[in-house]
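Just so it is clear, none of the values below were taken in a lab; they were calculated from the coordinates. Only a predicted model underlies this, so the values are computations on that prediction, with no experimental measurement involved. Because the Cβ atoms are built from the backbone with ideal geometry, glycine has one as well, and the counts that use them run over all protein chains shown.
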Amino acid sequence: MTIKLKTLVNQLTLKIAALALGYIVWSVFCCQQVIEISVNVPVCFYNLNDNFQLECAEKLTLALKGRRNDLAAVEYDTLAVHIDGADLRQGPNHIYPSEKNLFLPSTIRISHIQPNNLVASLTKRSK
């Protein structure tokens, strides 16, 4: 009877150790997996002159690529494309958004932006 009990305990210990090792390996590979997701983000302008009216697309679609745990840490409800309005001139302005316009961790890359060319049109406000 004691031999069967020892065998049962050894098999149970071996199964628990195998389960723990399997979980650790799975969690390491799962979190390190590189994935790509698509998100819609608003376009925000700052340093705009109050004497001008701006017309531009309100949202962009971004394809973000990075590790699963890095992408899970991003707060998507606060993510936006930030464009300095001080650089804009009256009339149409062609803007090419890039990673510098987003506040993302360096481990996350933009693989695609749609539309990749924003046209922001500034017109003088009538009084």
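Cut-off 10 angstrom, C-alpha nodes, Gaussian network model of the chain. Which of VAL43, VAL81, VAL25 fluctuates the most?
Between VAL43, VAL81, VAL25, it is VAL25 that shows the largest mean-square fluctuation.
Summing Lys, Arg as +1 and Asp, Glu as -1, what charge do residues with Cβ under 15 Å from the Cβ of ILE35 carry, ILE35 excluded?
Counting the neighbours of ILE35, the net charge comes to +2.
I want the antiparallel fraction of DSSP beta bridges within the chain, as a percent rounded to 5.
Antiparallel bridges make up about 85 percent of those DSSP assigns within the chain.
What's the local net charge at ASP70, with K and R +1, D and E -1, over the other residues with C-beta under 13 Å away?
For residues surrounding ASP70, the net value is +2.
Test of understanding: in a Gaussian network model of the chain with alpha carbons linked when under 10 Å, which of PHE103, PHE45, PHE29 would top the mean-square fluctuation ranking?
It is PHE29.
What do you get for the angle between helix 2-32 and the principal long axis of the chain? Use alpha-carbon atoms, 0 to 90 degrees, nearest ten.
10
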